1. With every protein chain left in place, what is the accessible area per residue of the range 5-68 in square angstrom, probe 1.4 Å?
2. How large, in percent, is the carbon and sulfur part of the accessible surface of the chain at a probe radius of 1.4 Å?
3. Which whole-angstrom value gives the distance between the alpha carbon centres of the range 77-136 and the range 32-58?
4. Could you rank TRP142, TRP207 by how accessible they are, 1.4 Å probe, largest area first?
5. Just going by the charge dipole of the chain, with Lys and Arg at +1 and Asp and Glu at -1 on Cβ, which of GLN172, ALA104, HIS92 is farthest out on the positive end?
6. About the Cα centre of the chain, how large is the charge dipole given +1 on each Lys and Arg Cβ and -1 on each Asp and Glu Cβ? Please answer in debye to the nearest 20.
7. So how do LYS10, LYS39 rank on accessible area, 1.4 Å probe, biggest first, that is with the largest at the start?
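The values are calculated or read from the model by the stated rules, or taken from the named source; none is laboratory data. In this text, all values refer to a predicted model and were calculated from it rather than measured experimentally. Positions of Cβ are generated from backbone atoms using ideal geometry, with glycine treated the same way; all protein chains shown enter the neighbour counts. The protein model used for the area step is the full one, side chains on, heavy atoms only, and it has no ligands, DNA or RNA in it. Shrake-Rupley method; radii C 1.70, N 1.55, O 1.52, S 1.80 Å.
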Amino acid sequence: MNSPAYQGIKDFILSRIDAGIWAEGDQVPSENELAREFKVARMTVNRALRELTSEQVLTRVQGAGTYVARPKYESTLVAIRSISDEITSRGHRHHAQVLHLGAAIADEALADEMQLGAGNPVFYSRVLHFENDEPVQLEARWVNPAVAPEYVLQDFAAVTPNQYLVRVAPLQRVEYRIEASAVDDETRGLLAMDPLEPCLVLHRRTWSQSMVASVANLWHPGSRYRFTGHF
């Protein structure tokens, strides 16, 4: 089934941004210019621009035009930063242990969150991150193969999943939540947590190329990790 015309316009604009042809602050063509180029009605272009604006890919200035917006992830409280970069910035040593890397089948809940059909294949990785020789993060990540088709071929002991995805699937949008959570015995053991120690869990979903790129759960021992940020 062919994609609707407005989606083609969205894809065109996103491809220009992803390729670096249009950068933050650049003005994109007007509705009239895009309507002529794609041979569609202006209302079709308007829908594409409205959706990209609501997704915070573009920003529209009344009477001035439409511009490439600052990526949303740059202003989130929790920066989209690789755990290895974070640890290195403290002058410490990072290393990782890959516990699992392969394909999985999305159940109904995961498929809904990733905006895929239930039963679709996804990539799944589980990586334990260490600061010096102490475990500080257990990462479980599900990745859309359409966004990163070579994900399972990577060595995530050498480069983190975050670093790889930022390179091959530039972020357009991020949402997250942080909560204290009870953990199972396996997770507690992997993170070398005390029996009564709380666990901080960051649940994060990212978008790229107008698709959900990944869903991740990041577990941290409460006594050895904290989230900081600024506006």
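1. It amounts to 56 Å² per residue over the range 5-68.
2. On the way: 6060 of 12220 Å².
Carbon plus sulfur share of accessible area: 50 percent.
3. What the calculation gives is 35 Å, centre to centre.
4. Of TRP142, TRP207, the descending order of accessible area is TRP142, TRP207.
5. My answer, from the dipole projection, is GLN172.
6. Dipole size: approximately 860 debye.
7. Numbers: LYS10 10, LYS39 175 Å².
Ranked from most to least accessible, the order is LYS39, LYS10.
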